[in-house]
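Engineer: Dumping the structure here so I can ask a few things about it.
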Amino acid sequence: MADSSSLDALVEALRRLPGVGAKSASRMAFHMLQHDRDGAQLLSRALQQAAQNVRHCERCNTFTEAPVCNVCLDVRRDATKLCVVETPADQAALERTGAFRGYYFVLMGKLSPLDGIGPKEIGLARLFERAQDGQVSEVILATNFTAEGEATAHVIGEALRQRGLTVTRLARGVPAGSELEYVDLGTIAHALVDRR
Ligand SMILES: [Zn+2]
């Protein structure tokens, strides 16, 4: 064992990354300290900056450094359409199709009762508030076609219909079990056009 409390602290900190166990945390720490001190400094500064500056958009909940993100600030978009996605990567996939010109709400997750992720954790209250701004007339549910994504869409859909909003779901055609991020653009664009 190496004799350094700083090294121990680094390994402990790296273990907080998802999917990183004790062994790979040690390997990463040794690598940075032995071969890449510049990289270590860079990583440390980037982490600190991001942890300090990145926050959630007040309107759509995505990551941004300003109170409101650039997409929400774009006044040329169609304010009657609000598309609900799980992650910023899913939003980016929809944006790349060029087939949607409304606004988004980014859940930053999905309902997952077994992992203790309920309506509160994914900010559903904020979504409901956003959807009832008086301008939105259709909410398009574009959560992933996984079991959890479908369950999330179901819960949100029911709640929004009760509030008198029109709710649509991306059409099938996106393969079951798939995450939007990895589906080709044409398929997503079709799913958007054929939504019901
Ligand atoms: Zn936003």
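Engineer: Pull up segment 131-190, narrow it to residues that are over 17 Å from Phe105 (Cα atoms) and hydroxyl-bearing (Ser, Thr, Tyr), then point me to the one that is modelled with the highest pLDDT.
Structural biologist: Thr146
Engineer: Also, quick follow-up: Which is more than 16 Å from Asn61 (Cα to Cα), free of Cβ contacts under 8 Å to residues at least 24 places away in the same chain and of a type in the set (Gly, Ala, Ser), of Gly109, Gly157?
Structural biologist: From the options Gly109, Gly157, the qualifying one is Gly157.
Engineer: Also, quick follow-up: In segment 137-154, how many are out of contact with any Ser or Thr (no Cβ under 6 Å at 6 or more places or on another chain) and either among the hydroxyl-bearing types (Ser, Thr, Tyr) or over 12 Å from Val85 (Cα atoms) (or both)?
Structural biologist: Result for segment 137-154: 4.
Engineer: Another question, if that's okay. Among the numbered conditions (1) open to solvent by less than 90 Å² (accessible area, probe 1.4 Å); (2) within 15 Å of the ligand (Cβ to nearest atom), tell me where Ala9 comes up short.
Structural biologist: (2) is the only condition that Ala9 fails.
Engineer: Any idea how many residues of segment 129-155 are in a helix (DSSP H, G or I) and over 16 Å from the mean Cα position of the chain (by Cα)?
Structural biologist: 7
Engineer: Is it true that some residue in segment 88-97 is over 25 Å from Leu160 (Cα atoms) and either at pLDDT below 95 or surrounded by 11 or more Cβ atoms within 10 Å (Cβ to Cβ) (or both)?
Structural biologist: Within segment 88-97 (the criterion being over 25 Å from Leu160 (Cα atoms) and either at pLDDT below 95 or surrounded by 11 or more Cβ atoms within 10 Å (Cβ to Cβ) (or both)), the answer is yes, since at least one residue qualifies.
Engineer: What do you reckon, is Arg126 within 16 Å of the ligand (Cβ to nearest atom), open to solvent by 50 Å² or more (accessible area, probe 1.4 Å) and assigned to a helix (DSSP H, G or I)?
Structural biologist: Criteria met by Arg126.
Engineer: Additional query: Any idea which of Lys120, Lys81 is more than 14 Å from the chain's Cα centre (by Cα) and in a strand (DSSP E or B)?
Structural biologist: After ruling out the rest, the residue left standing is Lys81.
Engineer: Right, another one. Can Leu107 be described as under 16 Å from the mean Cα position of the chain (by Cα), buried (at least 21 other Cβ atoms within 10 Å of the Cβ) and within 12 Å of Arg163 (Cβ to Cβ)?
Structural biologist: No: the conditions fail for Leu107.
Engineer: Just name the residue that is nearest to the ligand (Cβ to nearest atom) out of those in segment 55-103 that are touching an Asp or Glu at 6+ places or on another chain (Cβ under 6 Å) and free of Cβ contacts under 8 Å to residues at least 40 places away in the same chain.
Structural biologist: Top of the filtered list is Val68.
The values are calculated or read from the model by the stated rules, or taken from the named source; none is laboratory data. Remember, predicted model here, so these are calculated numbers, not experimental data. Neighbour counts are summed over all protein chains in view; Cβ atoms, including those assigned to glycine, are modelled from backbone coordinates with ideal geometry. What goes into the accessible areas is simple: the full protein's heavy atoms, side chains included, and nothing from ligands, DNA or RNA. Shrake-Rupley method; radii C 1.70, N 1.55, O 1.52, S 1.80 Å.
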